[in-house]
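See below for the structure under consideration.
The values are calculated or read from the model by the stated rules, or taken from the named source; none is laboratory data. On a predicted model such as this, the values are computed, not experimentally measured, just so you know. Positions of Cβ are backbone-derived with ideal geometry, glycine not excepted, and every protein chain shown enters the neighbour counts. Only protein heavy atoms, including side chains, enter the accessible area calculation; ligands, DNA and RNA are left aside. Shrake-Rupley method; radii C 1.70, N 1.55, O 1.52, S 1.80 Å.
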Amino acid sequence: MAEFVRLQRHGAIALIIVDNPPVNALSQPVRQGLQQAFQAADADPEVLAVALVCEGNTFIAGADIKEFGKPPQAPSLPDVIDSIENSRKPSVAVIHGTALGGGLEVALGCHYRVARKDAKVGLPEVKLGLLPGAGGTQRLPRLAGVAKALDMIVSGQPIGAAEALEHHIVDELFEGDLVEAGLAYAQRLIDEGRGPRRTGEQSAGLEGADNAELIAAKHAEVAKRMRGLFSPLRCVAAVEAATKLPLAEGLKRERELFAECLQSPQRAALVHSFFAERQAGKIADLPADVKPRAVKSAAVIGGGTMGVGIALCFANAGIPVKLLEINEEALGRALQRARDTYGASVKRGSLTEEAMEQRLKRVEGVTDYAALADVDLVIEAVFEEMDVKRQVFERLDAVCKPGAILASNTSSLDLNQIAAFTQRPEDVVGLHFFSPANVMRLLEVVRGAKTSDEVLATAMAVGKQLKKVSVVVGVCDGFVGNRMVFQYGREAEFLLEEGATPQQVDGALRNFGMAMGPFAMRDLSGLDIGQAIRKRQRAELPADRDFPTVSDKLCEAGMLGQKTGAGYYRYEPGNRTPLENPDLAPMLDAASREKGLERRELDEQYIIERTIYALVNEGAKILEEGIAQRASDIDVIYLNGYGFPAFRGGPMFYADSVGLDQVLARVKALHARCGDWWKPAPLLEKLAAEGRTFSDWQPGQ
Ligand code: 3H9
């Protein structure tokens, strides 16, 4: 028997133990081991009941995601679960940690289920572009009802053990040792003469509700809210099959729908996103023995929207944080902002009043730098001007204890220059949060030329503590995210000069899957922000570079976006719905005229290539310069910070899936037509010529 699954005898009970770290995924040896163990227990006349437990932190967390897209290897998971369910000996699954996907499906194949009080169960396949393909869509509704099953399968969100008990997914909760709990429950099965209770033969969940109506309502909701996604509608169709077909036929239908999802490019992109996120935490050249410093207290300089958002991240993570402002008045405003932000969550029902007060207690307002003498980490979030940064870092250098980490939240300034304002550049690192910092998951960790390994490791560990997705980036103008978005935004604006409207550009990119179009986004963040950056870049870049002019025209007219009631769009007071801005059309005409352009209709494909390939070409330059460690890190940044659709895997994966030769051909055509902004990245040319992808590229290859 495979070492991944062990079978032990405890009197009349067969104890089956799965041991496949780190998450007990159902790779082929585990499937085989499980099948053999259950068959052996079934065949042994002395065994009267079976208990299934897992080693390590968790019950089985699902199929082995690495196997998707590879040739299938027997036994298949549905076959394994079939053997488990059809066994003649009653079995109990003992759940701890997270029983997810195929893991929960295995548990549903067992005849009884007990869960440790802190366990979670769920069917997250939809997040990978799949549906539960080993009976989950047929067995879960039979126990939990169609409404609950639809919610769990379509959202992919796990639920806690108590909720699982309430919905008949598990039979009992326990605390303490897994093996003891499993053996005790199995013994009770024997003592009480309870035999196999096969989930597939249950029907309570399918009765008592208008299932057709539930299915129709979920179908309508998914079609509207999850537009463009391949698997959610198939999830609904599979559950519908459970309501209409006997188990065996329902399982067959589920398999067909699962196979369609497995083939879908969205599945490949979403699996890429899953692994990319985990890969991002790994730093290739960081020695394994580097230990992060302990960060038990923090401080934030600057109580603007960003500074307060960052302070709240620490408060949320249970880390006391000092918030420094220049005087009592500004500090009062900052602390009120913190209270208001939490207050909005309380109003929405996502935070209790008590939790809010507890978290606010962790935020201490201060106005004197001397108060920062003891903190382990300081993050500066002041105005984006080098001279202001200099003043802050010189003072921090003077007051902070040795070993304190001095971080900047700059989004575009030279971190090496900032580090040089101190006597300890090795302790300086960039922590670039995204607005609103307490909501957005992305954290760019900027590694300066002198940042020490220990400080870098600490910054990554802090990111984890704050529940951020942290990605290491190097120093350059805008780092990874903003450097690329500058190209994207500029091209979007050039499209306005060629003949598009903001509605057309935003619409095309939303259809592509972006959470928000670039112009709605600029209106939200304020047009004046980009203006300062553009001015600086104009001074630095070759004089013959063409720059778009529409946003400057809007700024000159005082239309800075939502905050002034108009920008690319117009807004009614108190309403964020973008309406047509009647003042824009003459500005667009003027901008086109000044460039000698005849305004023309632009199709969606052109809009997408012009903007998304601008991201890709810049991404290739970033990779080559070593600013990002790997292409998938760039994807993680775009997926988590810029609303790039996960089902396309990020800009670099998207380019790979289109084919780099095709992308290059369009980039070259745009270079010929639009000038040097479009100079093809040498790495793109090289990989296209070699028929390779960004994903298979490593530095130095
Ligand atoms: C499925 O089950 C389909 C079936 O319905 C039908 C089949 C026919 N496979 O996240 P972490 C790795 S679809 C392979 O950092 P955490 C992960 O890459 C599956 N590897 O830990 C990482 O590796 P590394 C449905 C996996 O404690 C390491 O484990 N299930 C898998 O923060 C630690 O991961 C899911 O979608 C896997 N299934 O969170 C669950 N899972 O160290 C996906 C993890 O080399 N997994 N790895 O970077 C999760 O949600 C989280 O990993 C979990 C633990 C909550 C379990």
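A few points about this structure:
- Here the spin labels are modelled as points 7 Å beyond Cα on the Cα-Cβ line, and at Thr305 and Gln503 they lie 2.6 nm apart.
- Each of Pro196, Leu262, Pro246 was scored by the projection of its Cα onto the charge dipole of region 184-343, and the greatest displacement toward the positive side belongs to Leu262; charges sit on the C-beta of Lys, Arg, Asp and Glu.
- Label sites at Ser203 and Ala217, each approximated as a point 7 angstrom past Cα along Cα to Cβ, lie 2.4 nm apart.
- Kirkwood Rh and Cα Rg combined as Rg over Rh, evaluated for region 300-456: 0.97
- Carbon plus sulfur fraction of accessible area for the chain, probe 1.4 Å, in percent: 52 percent
- Amide proton proximity set for Glu580, modelled H, under 5 Å, gap of 5+: Arg570
- Modelled this way, with points 7 Å down the Cα-to-C-beta line, the labels at Glu67 and Arg348 are 3.9 nm from one another.
- 0 to 90° range, to nearest 10: angle between helix 604-624 axis and the chain longest Cα axis: 90 degrees
- For a straight C-alpha distance cut-off of 28 angstrom, the lysines reachable from Lys244 (same-chain residues fewer than eight places away being disregarded) are Lys127, Lys148, Lys218, Lys224, Lys252.
- Most to least packed among 617-626, 184-193, 200-209 [average Cβ atoms within 10 Å]: 617-626, 184-193, 200-209
- A DSSP coil position with no more than 15 other Cβ atoms inside 10 Å describes the following trypsin sites (Lys or Arg not before Pro) in region 569-598: Arg576, Lys595.
- Charge dipole of the chain about the Cα centre (unit charges at C-beta), most positive-ward option of Ala492, Leu360, Leu173: Leu173
- Most tightly packed first, judged by the mean number of other beta-carbon atoms within 10 Å of their residues, the peptides 422-432, 359-369 read 422-432, 359-369.
- Mean accessible surface per residue for region 264-364, computed with a 1.4 Å probe while every protein chain stays in place, in Å²: 52 Å²
- Residue (of Thr422, Gly343, Ala407) at the positive-pole extreme of region 336-472, dipole from beta-carbon charges: Gly343
- Basic side chains Lys and Arg get +1 at the Cβ, acidic Asp and Glu get -1 at the Cβ, and with that the dipole of region 383-471 about its Cα centre reaches some 380 debye.
- Extents of the chain, largest first, come to 86, 61, 54 Å (Cα atoms, principal axes, whole angstrom).
- Relative to the longest principal axis of the Cα atoms of the chain, the long axis of helix 386-399 makes an angle of roughly 60 degrees.
- Unit charges on C-beta of K, R, D, E only; dipole of the chain, Debye: 260 debye
- Relative contact order, percent, the chain [alpha-carbon distance under 8 Å, six or more residues apart]: 9 percent
- Region 420-518, relative contact order [Cα under 8 Å, separation at least 6], %: 19 percent
- Angle between the chain longest axis and helix 631-641 axis [Cα atoms, degrees, rounded to 10]: 80 degrees
- Å² per residue, accessible surface of region 509-621 at 1.4 Å: 50 Å²
- Counting only aspartates and glutamates at least 8 places from Lys467 when in the same chain, those with an alpha carbon closer than 16 Å to its own are Glu277, Glu444.
- Partners of Lys553 within straight-line reach, counting lysines whose Cα lies under 18 Å from its Cα and excluding those fewer than 8 residues away in the same chain: Lys535, Lys563, Lys595.
- Percentage relative contact order, region 652-701, counting C-alpha pairs under 8 Å, at least six apart: 45 percent
- Cα-Cα over 20 Å, subset of Lys450/Lys679; Lys296/Lys361; Lys282/Lys464; Lys450/Lys621; Lys322/Lys401; Lys66/Lys282: Lys450/Lys679; Lys450/Lys621
- Accessible surface, region 12-116, averaged per residue in Å² (probe 1.4 Å): 32 Å²
- The chain - mean residue ellipticity at 222 nm from DSSP helices (-39,500 (n - 2.57) per run, n ≥ 4, rounded to 500): -15000 deg cm²/dmol
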